[in-house]
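Each remark here refers to the structure printed beneath this line.
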Amino acid sequence: MDHVKKEHERLWKKLTTSQNIKNVQSTIDLLQSARDSIAADPSQASMTLAKLQNPVKSSFDVINDSLKETHSGLNKYSKALDKLFKDRPLPSTEHDALSSQPYLINRAIAMHLLREGQFSVAATFLSEIAEKKNSRLPADSESDSADDVTMLLDNEGVPSDEIRKHFATMYYILHELEENNNLIPAIEWSRENREALELRGSNLEFQLCQLQYVWLFCGGQDQQGPTLASRQAALAYARREFHVFMPRYMEEIKQLSGAMAFWPNLAHSPYRNKFNNPSAWSDVAQTFTREFCSLLGLSADSPLYIAATAGAIALPTLLKLQTIMKAKRTEWTSENELPVEIPLPPSYLFHSIFVCPVSKEQATDKNPPMMMPCGHVIAEESLKRLN
């Protein structure tokens, strides 16, 4: 991997320092100048073209030499990639568990497109599903009604129009937050859903209002640093909004207010972390996305993306397993679980795994962990054997 990284950096350096575009533009300028001279005085065309020959040839030589260096770097980078990521056939699948449930695949794809904000692509995908399903219906039951299509899609587990509207709202708020530094739509949404967020123990509303206070304090849209007007705007906002958060966030509000006394030297004050946090906007965007999806009963990340990433991580191990099984002429006999452990990142470990200390077997839904009166936990089958 280090070799690939080295070649990538070398290629990127060549591309960023390349003078090809300037050299090409220089050649175009020479040709345009010659054309203008000939148009102004056609009698001097031969002389003008003779003078143009050497500069154009020299310019082309420089361009070709630069292209050769770039092409050489690209070849080395491609070879490094091929060496690291060798072309291997994917593991064979005799039984596809999802082949009999296409609606699950359709739903996963549609939800992924909606989560990514690709609404036009999702609409096309859903319309093609509807056309395909209508083509398989009897002729006397076909209908062009939008309601029938929506019902047909919903019955197959594809997201409804309501879900699509929710994601459109989410992306509008995220766009305002990330592109325009406009926190107002996100704050309004958090207030509309305050009760549900509080039941989750979420601090999203205060996090948004805190960032709005910091944004105003630092100069608002101009962000020129604290001025008298910006400090007054932040103080007025705090008096108007922070009283709602007083019982729960008193210490944080004190720190935000205390920064007023340190405004001339805020970078070296005890409150610098709150007012100089480069990741504050991205953090609040992630929190908003997570809370928005949670209120819809969805995970913050796309299940399709998680499944594809986990599958890509697992592929090398499964390929090695397949090779060993062929060499030893054995078969995969385990059910509902992989025969080998796949090391996934901590963020992909959604459920804890319990291994019975007595039977050394992993707990399942049919054999769940049970706690004994002494406090020890063993599998249910082990507990039955003890009785």
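The values are calculated or read from the model by the stated rules, or taken from the named source; none is laboratory data. This is a predicted model, so every value here is computed, not measured. Cβ atoms come from the backbone with ideal geometry, glycine included; neighbour counts cover every protein chain shown. Ligands, DNA and RNA are excluded from the accessible area calculation, which covers all protein heavy atoms including side chains. Shrake-Rupley method; radii C 1.70, N 1.55, O 1.52, S 1.80 Å.
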Percent accessible area from carbon and sulfur atoms, the chain, protein chains only, probe 1.4 Å: 55
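Could you give the dipole magnitude of region 163-296 about its Cα centre, charging the beta-carbon of Lys and Arg +1 and that of Asp and Glu -1, in debye to the nearest 20? Walk me through the numbers before you get to the answer.
Working: 13 positive and 14 negative charges, 47 e Å.
Here region 163-296 has a charge dipole of around 220 debye.
Given LYS132/LYS165; LYS86/LYS328; LYS22/LYS51; LYS5/LYS328, which pairs have Cα atoms separated by over 29 Å? If you can, show how the numbers build up before the last one.
Working: LYS132/LYS165 24 Å; LYS86/LYS328 24 Å; LYS22/LYS51 21 Å; LYS5/LYS328 37 Å.
Those over the limit are LYS5/LYS328.
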Relative contact order (percent, whole number), the chain, Cα cutoff 8 Å, 6+ residue spacing: 11
Candidate values (1) 1.19; (2) 1.03; (3) 1.10, label of the one derived for Rg/Rh (Cα atoms, Kirkwood Rh): (3)
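To the nearest 0.05, how large is the calculated FRET efficiency for SER347 and GLU252 if R₀ is 41 Å and r is the Cβ-Cβ distance? Intermediate values should be presented prior to the final figure.
Numbers: r = 27 Å, r/R0 = 0.67.
Step by step, r from the Cβ atoms, then E = 0.90.
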Separation of the VAL244 and SER359 label points, Cα + 7 Å toward Cβ, nm: 5.2
Given charges at Cβ of Lys, Arg, Asp, Glu: the chain dipole, positive-most of MET370, ILE187, ILE129: MET370
Dipole magnitude of region 1-80 about its Cα centre (Cβ charges: Lys, Arg +1; Asp, Glu -1), debye to nearest 20: 380
Modelled FRET efficiency - R0 56 Å, GLU380 with ASN277, Cβ distances, 0.05 increments: 0.70
GLN232/ALA168 FRET efficiency (R0 45 Å; Cβ-Cβ; nearest 0.05): 0.75
Inter-site label distance for GLU179 and GLU128 at 7 Å from Cα along Cβ, in nm: 2.6
Net charge, HIS112 excluded, C-beta distance under 14 Å - Lys, Arg +1, Asp, Glu -1: +1
Linear extension gain, GLU69 paired with VAL340, 0.36 nm per residue minus alpha-carbon span: 93.0 nm
Calculated [θ] (222 nm, deg cm²/dmol) that DSSP helices of n ≥ 4 give over the chain, each run adding -39,500 (n - 2.57): -20500 deg cm²/dmol
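Rank these by accessible area, largest first, 1.4 Å probe: ARG194, ARG239, ARG329. Each step should come with its number before you reach the end.
Numbers: ARG194 75, ARG239 180, ARG329 215 Å².
So, going from the largest accessible area down, we get ARG329, ARG239, ARG194.
For LEU266, what charge total do you get from the other residues with a beta carbon under 11 Å from its beta carbon, if Lys and Arg give +1 and Asp and Glu give -1? Please report the intermediate quantities before stating the final value.
Details: positive: ARG231, ARG272, LYS274; negative: none.
Computed value for this residue: +3.
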Ranked order, THR48, THR169 - accessible area, probe 1.4 Å, largest first: THR169, THR48
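Roughly how many Å² is the accessible area per residue of the chain, as a whole number, for a 1.4 Å probe? If you can, show how the numbers build up before the last one.
Working: 26680 Å² over 387 residues.
Dividing the accessible area of the chain by its residue count gives 69 Å².
Run the dipole for the chain about the Cα centre, Lys and Arg Cβ at +1, Asp and Glu Cβ at -1, nothing else charged, and hand back the magnitude in debye, nearest 20. Intermediate values should be presented prior to the final figure.
Details: 41 positive and 48 negative charges, 389 e Å.
Computed charge dipole of the chain: roughly 1880 debye.
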